[in-house]
Every structure is written in C-alpha cells, then in structure tokens.
Amino acid sequence: MSFQDAIKLGFTRATDFKGRAGKTEFWYWFAFQMGIIVVAGVVGLAMGMPLLAALAALALALPGIAVGTRRLHDQGKTGWLMLMAPVPLLGLYLLVLFAQSGHRGPNKYGPPSDAGASGVLTTA
C-alpha cells in the first residue's frame, strides 16, 4: 500500500470501525496525521493562531481513531482499547500493540486488509 493509498483510505473509511487495517496503512496514516499537526502548529504560531494545531488534531481525530481501531482488529483485539491512548503509560502499550503483526488469516473481525497482516501489499 502506498502512502497516498493509505491517506485516501483513512479519509474514505473515517467513520468505519469495522474490518482490519495492516501495519502499513496505520503507520502511513499516523505519519500523515502527525505531519499535518506539526505543520499546522508551525504555521499557526507564525500567523499568531496558536490553536490551529489543535483544530487540525481535532479534524483528524475521528479518522485516526477509526484506523487505530481497525489496526487493533487486525490483531484480534477489541477497538475499545483505543480508550487507553490518552493515559500516559497505557498509551505507550498501545503503540507497542500497533507495531505488532496482525493475524495472517481471517479472524472475528474479518479477512486481512489488502495490505495483509504483514503490511506488504498482496496481489491477486
């Protein structure tokens, strides 16, 4: 999955909390989200609008939660674990979970995403 594909998928499935997301999809979305927030912060400070980064983070929050939930589903875990994100040490544990490989075959959340459990794009 390319970076652009992951971003498009993040926006098109912004409210989809079902299914699975591979590592590549999640980490590309995470990098995009953090990049936008940092750029918005720098631009906001330069323009005298310090809340611009917060607005960017708020705008990207729902798609970020959705892709995080699907990433947890890829490992067979419940998306409710996303509630740990704001808690400092538990949030670090969540990052560890995001970095782990998902199930190779189907699980109770469905078949692997197009990128597969390994995060490598598969061809039909």
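The values are calculated or read from the model by the stated rules, or taken from the named source; none is laboratory data. For clarity, every value in this text was computed on a predicted model and none was experimentally measured. Cβ coordinates were reconstructed from backbone atoms using ideal geometry, including for glycine residues, and neighbour counts include every protein chain displayed.
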Practice item. State all residues of region 65-112 that are of a type in the set (Ser, Thr, Tyr), over 13 Å from the mean Cα position of the chain (by Cα) and in a helix (DSSP H, G or I); if no residue qualifies, say none. Key: Tyr93
Point to revise | Odd one out for Arg20 among (1) touching a Pro at 6+ places or on another chain (Cβ under 9 Å); (2) exposed (fewer than 15 other Cβ atoms within 10 Å of the Cβ) | key: (2)
Point to revise | Within region 65-82, tally of residues that are surrounded by fewer than 21 Cβ atoms within 10 Å (Cβ to Cβ) and either among the aromatic types (Phe, Trp, Tyr) or touching a helix residue (DSSP H, G or I) at 6+ places or on another chain (Cβ under 9 Å) (or both) | key: 8
Exercise for review: State the number of residues belonging to region 1-19 that are of a type in the set (Phe, Trp, Tyr) and in contact (Cβ under 8 Å) with a residue 60 or more places away in the chain.
Suggested key: 1
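Please state which one of Leu72, Leu95, Leu55 is at pLDDT 95 or above and farther than 23 Å from Pro111 by Cβ.
Values: Leu72 fails: farther than 23 Å from Pro111 by Cβ; Leu95 fails: at pLDDT 95 or above.
Selected residue: Leu55, the only one of Leu72, Leu95, Leu55 that is at pLDDT 95 or above and farther than 23 Å from Pro111 by Cβ.
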Review point. Do any residues in region 20-37 that are closer than 16 Å to Leu55 by Cβ have Cβ atoms under 7 Å from those of residues that are crowded, with 19+ Cβ neighbours inside 10 Å, where the two are at least six apart or on different chains, and which pairs are they?
Key: Gln33/Leu60; Gln33/Gly64; Ile36/Ala56; Ile36/Leu60; Ile37/Ala53; Ile37/Ala56
Check your understanding: In region 1-48, what residues are within 12 Å of Pro63 (Cα to Cα), in a loop (DSSP other than H, G, I, E, B) and not charged (D, E, K, R)?
Key -> Ala14, Thr15, Phe17
